[in-house]
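Have a look at the structure below before the remarks.
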Amino acid sequence: AAKKSGKGRISYCSGVMKEAVQEKMTLTNSLHRALEGEELFLHYQPQVSATTHEITGFEALLRWNHPERGIISPEVFIPLAEQSGLISSIGEWVLKTACTQNKTWQNQGYKPVRMGVNLSVEQFRSSNLERIIRTCLEDTGLEPQYLELEITEGIAMKTSQYVIRQLFALKNLGVAISIDDFGTAFSSMSRLKDLPVDRIKIDRQFIWGIGENPRDEAVIAVMIHLARELGLEVTAEGVETAAQLSFLQTEDCDEIQGFYFSKPVSANAIKKDIYENHFSNIKNKSRCIETL
Ligand code: C2E
Ligand code: MG
Ligand code: MG
Ligand code: MG
């Protein structure tokens, strides 16, 4: 049955919409429990140099193992977390866990690399963000250059002084900043030059057009060229095939992230040998690390 508080509004909805609303409420309620229990965890996806295939970083990707429904995609539950205000606690947990993991690997003698952490719009809007990240770095002992904050192009390109100030405040902590899903938000490219960012991550939709759609290839080439001129690094996301990799190498892309090298995997799956011997040692394999 619909909750009393929402009854008036819900009664106008069709049966299907009503179900969708109830589904959202049910999931949101169990998200509270997920954060308390141990249902949330992180997977880590390697990022490698396009030329040497050495690991240069990881991206932390949030997973929810729901007791009845199994793994739920972040594309489904992050929006619910944002709407319910839970995103700030979840986001802090992600930051802390990812930084701790990166520091642990360093303590174990692994080559120091970056850890990318996604920030939601709501987190980015918060005036506490700078303090939260500073505290996280202090508590975990991770040096700031090994944390990279990923914000989406949509957030970065909002023409507000607040966005610019927030970016400079974060940058002053010494962390790296990347623009995620680059190319999807129809932003003005000229604005990029005024933002204190280090990297763009080309959205996977473009990558999947390589070999299929010359227009996607043209856009990728222009994005890489622009980044080059502005002194930014470029990561291509969603790289699945040798042909995509080869095109990106020709276009002088810096780093590659995608199933071709590795799916996102558990921390346990990231072993010292995989971490330190580059992926180029593994020949003729379409996937170097399988999901664990
Ligand atoms: P994103 O930040 O753009 O992350 C990259 C997504 O592309 C991940 O999906 C990753 O698994 C997927 N991916 C990478 N390489 C390939 C490939 O070769 N093929 C295919 N088919 N997919 C590939 P995932 O893990 O499902 O995450 C989806 C989105 O959810 C992320 O997109 C990000 O926007 C959001 N997200 C994930 N974790 C967090 C988090 O901790 N906080 C926030 N705020 N958002 C998160
Ligand atoms: Mg990301
Ligand atoms: Mg992305
Ligand atoms: Mg995305």
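General remarks:
- Farthest toward positive dipole pole in the stretch 133-180 [+1 Lys/Arg, -1 Asp/Glu at C-beta], among Leu173, Tyr162, Leu147: Tyr162
- Rolling a 1.4 Å probe over the protein heavy atoms gives the chain an accessible area of 50 Å² per residue.
- Carbon/sulfur fraction of accessible area - the chain, other protein chains in place, 1.4 Å, %: 51 percent
- The value obtained for the chain, namely the Cα convex hull volume divided by the number of residues, is 162 Å³ per residue.
- Angle in degrees between helix 214-230 and the longest Cα principal axis of the chain, rounded to the nearest 10: 80 degrees
- The value of relative contact order for the stretch 88-141, using C-alpha pairs under 8 Å at least six residues apart, is 51 percent.
- Relative contact order %, the chain, counting alpha carbon pairs below 8 Å whose residues are six or more apart: 18 percent
- Once the Cα gyration tensor of the stretch 73-222 is diagonalised, semi-axes √(5λ) in Å: 27, 19, 17
- Alpha carbon centroid spacing (whole Å) that separates the stretch 159-238 from the stretch 28-52: 23 Å
- Kirkwood Rh, Cα atoms: Rg over Rh of the stretch 136-284: 0.99
- Measuring nothing but alpha carbons in the stretch 165-228 and taking Rh as the Kirkwood radius, the Rg to Rh ratio lands at 1.04.
- In the stretch 94-253, a dipole from Cβ-located charges (positive for Lys and Arg, negative for Asp and Glu) runs towards its positive end, and of Val113, Cys99, Thr241 it is Cys99 whose Cα lies farthest in that direction.
- Per-residue Karplus couplings for the stretch 235-252, computed as 6.51 cos²θ - 1.76 cosθ + 1.60 with θ equal to phi - 60°, are listed in order as 10, 9, 9, x, 6, 10, 10, 5, 5, 5, 4, 5, 4, 5, 5, 4, 7, 6 Hz, Gly and Pro entered as x.
- Acute angle (nearest 10 degrees) that the helix 161-172 long axis makes with the longest principal axis of the chain, alpha-carbon atoms: 60 degrees
- Cα-projected label distance for Thr100 with Thr26, points at 7 Å along beta-carbon direction, nm: 3.2 nm
The values are calculated or read from the model by the stated rules, or taken from the named source; none is laboratory data. All figures in this text were calculated on a predicted structure; none of them were measured in a lab. No Cβ is skipped: glycine too gets one built from the backbone with ideal geometry, and neighbour counts run over all protein chains shown. All accessible areas refer to the heavy atoms of the entire protein, side chains included, with ligands and DNA or RNA removed. Shrake-Rupley method; radii C 1.70, N 1.55, O 1.52, S 1.80 Å.
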